1. Of everything in the range A:189-214, what is surrounded by fewer than 19 Cβ atoms within 10 Å (Cβ to Cβ) and over 30 Å from the mean Cα position of the chain (by Cα)? Give them in sequence order.
2. Only one residue in B:V69, B:V46, B:V98, B:V102 is under 16 Å from A:E56 (Cα atoms), at pLDDT 90 or above and either in contact with a strand residue (DSSP E or B) (Cβ under 9 Å, 6 or more places away or on another chain) or more than 9 Å from chain A (Cβ to nearest Cβ) (or both). Which one?
3. Sort out which residues of the range B:105-129 are surrounded by 15 or more Cβ atoms within 10 Å (Cβ to Cβ), aliphatic (A, V, I, L, M) and within 29 Å of A:D45 (Cα to Cα), and write them in order of number.
4. Can A:I399 be described as touching a Pro at 6+ places or on another chain (Cβ under 6 Å) and either hydrophobic (A, V, I, L, M, F, W, C) or not in a loop (DSSP other than H, G, I, E, B) (or both)?
5. Which of the residues spanning the range A:21-47 are more than 7 Å from every other protein chain (Cβ to nearest Cβ) and closer than 22 Å to B:R41 by Cα?
6. Those residues that are surrounded by fewer than 21 Cβ atoms within 10 Å (Cβ to Cβ), among the β-branched types (V, I, T) and assigned to a loop (DSSP other than H, G, I, E, B), I need them from the range A:41-67; list them, please.
7. How many residues does the range B:37-69 contain that are without any contact (Cβ under 8 Å) to a residue 60 or more places away in the chain and not in a helix (DSSP H, G or I)?
8. Only one of (1) surrounded by fewer than 15 Cβ atoms within 10 Å (Cβ to Cβ); (2) closer than 20 Å to A:P194 by Cβ is not met by A:D140, so which one is it?
Amino acid sequence: MAIPADELQFPVRQRGEIREEYLDDLRAGLREMVDALGNPAFTDDEIAIATADHGEHWGRADALDAVLFMGQQRAVFMAKQQLPRTAASITLRRDYVELWDLPYLEASGGSGPVSAPCAAETTWLGSTVLGDPAAVKGRDSAGRVYQVLFSVQSPVNGDPAILTLIGITTGDGSNIGAGEVITWVENVPLLATPSGTVVTDFSGGLPAETDPDYVPRLERRIRHKPGAGNNAQMRAWSESGGKNAVGGAWVYKAAFHAGSVLVAVAQKRGSTVGPLARVPSVGTLTNVRNFLASRIPRFVRWLVLPIVTEYSDMVLSLALGAASDAGWADRQPWPTNNGATPASITVVTDQTHIRIASNTAPPSTTDDPLIMVWHRATSAFIQLNVASVASAGGGLYDIVLASAPGGITLAVGQRISPFSEQNEVIAQTIASYFDSLGAGEIIDVSSTSLDDRAGYAFRWPKPNEEEPQRAGSSLIPFLQDALGPALVDGTIAAVSPAVPTLPANPIDGPNLLVAGQIGIYPL
Amino acid sequence: MGPIIPAGIFPLSLWSPGTPPAPVIPVSILCPELDPNTGERRSLDVSADPTLTALGLQLRTMLASGSAVQNDGHKLFSIRKNSRDAPALIEHEINRIVKPFVDVGTLEVISIVIAAGPPAGSRGSIKLTVKLLRSGEIATLTA
């Protein structure tokens, strides 16, 4: 990362500046020289040729400049090592790791449920210790190895056992999808079918920690010193206990009573898409719990919970250019929102015939406006292939699609937006904005709260310090960073909820806002 | 006994400094005269033609032979002399070296004579004749 020159504590020169100063001084000196009669020794023309590029003087000045520049670059490099955020990878790994006793996190393996057909009441041995010789292990089609996490006995009625597996093999690849076949290779119970099937997509498999992930963790470690089981210590343990899979840990002291502590954990997104990517896998939670159990004294009542996702719906008004690849595709973007009310599907006759509400009528110049629908499950926009639009009266419009959209089943309540070529950028920015938010509170901690724990059981770190809870207008700078000058202005017409709601009981775990139904409209 | 000198007067009181010698004006040197082969300074008070000196610098410096010479010098060392391509490659390299000077109008190439290629074995020689347009002088460099 580059440091602006004025932030460095010493002046920095560009390559060639010293050379030009040297030659300027030389020209001034030559100009003052006189011959025996006291007349100027050289004309400006002669001086210009003598100090021209690639000449003797120029070569000498350039060599001097190069040597000094290289020395200066070493100083600039050293200055950058002062802060973790600007330090080079080698300094982080060699010096900062030693200095703060904070190693890089290892890669983690994906985890998820597997259906294992077997005889009734078959016992499958599991272990939370990775590589335990007693645990049942299996391989996927690519040869990656997984082990059963918890011991399970299959039901009496002969249904398959549902096992929780965790990858001994680590990295993105261990997030295998539903339907993948796992072939058992070690400690297979008698009367078990030789292979099982993945029930839902695995998650929590991440590669080893990278510098951009490590630096914020190091900065938190420096800002809040962990020690003696304080909040920072709980967080540091939780973050390092789940290997590289933990994307956030929030501490609520006295969540239940004095002396109790609740830690809510979110997972890193990794290569997973969609709003549920931050829900930790069972394997991630187990790793964190095991790690904490090995460190926290017996008399402390502590609990590690996954965050609970809460959908936050948004209506965005964006001032983008029309008829442009950088903005709206159509000259007159349609449909439009009515203030906080987005254009959304009100009736689905079938997957090619839908009725939507829009504040304005479609432009008369076109029969098939370019529109797209927000797909909540993957946090993405999907373009709809419109054949015709007809008014149904009362601000409702019947849309006939030329073909059913792929990857989504149209349903009432989904939001329809005018199409933009930048839809992927906008969708990814919205997803990464929600990823920057932190978990909400577990009890009412407002100043009017009647709860005795209000002064203690607030979320740590506090949301005004890191990882805000509230979703809202801070999304606009994210979009401005992503879209650049194409986005002139933007406002949030509606966001609901803006703050994560309180759980009915602290034991349910805190809510975390994720992208719900999103509609974007011209401002 | 000599005459009585009035009080307060000494022999040295009557000394006058006379006319001081003219100051020695240092020789004005536009560009030091260097040995084109070694780069040694030949004289402290002889000024050489700067364009000719520059050409000498380019011909005796190996390009990128040190971290400070990334922009100056020749690449003749990387040309395989004992090959049929050698004369063309050398001529191209000489033209590349003189191009900055030709471009600004200080130099005109009169002739490039190259002895290289299989008959010359593993070594090559160049005789470069240029006309310094400012002074009209015709100079010959060998390398």
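The values are calculated or read from the model by the stated rules, or taken from the named source; none is laboratory data. The structure displayed is predicted, hence computed values, not measured ones. Backbone-built Cβ (ideal geometry, glycine too); neighbour counts: all protein chains shown.
1. A:P189, A:L190, A:L191, A:T193, A:P194, A:S195
2. Criteria check complete, one pass: B:V98.
3. B:L107, B:V109, B:I112, B:L128
4. Values: touching a Pro at 6+ places or on another chain (Cβ under 6 Å): no; either hydrophobic (A, V, I, L, M, F, W, C) or not in a loop (DSSP other than H, G, I, E, B) (or both): yes.
For A:I399, the condition - touching a Pro at 6+ places or on another chain (Cβ under 6 Å) and either hydrophobic (A, V, I, L, M, F, W, C) or not in a loop (DSSP other than H, G, I, E, B) (or both) - is not met.
5. Applying the first criterion (more than 7 Å from every other protein chain (Cβ to nearest Cβ)) to the range A:21-47 yields A:21-29, A:31-32, A:37-40, A:43-45, A:47.
Within the range A:21-47, A:Y22, A:L23, A:D25, A:L26, A:R27, A:G29, A:I47 qualify.
6. Across the range A:41-67, the qualifying residue is only A:T43.
7. Within the range B:37-69, residues that are without any contact (Cβ under 8 Å) to a residue 60 or more places away in the chain and not in a helix (DSSP H, G or I) number 21.
8. All conditions are met except number (1).
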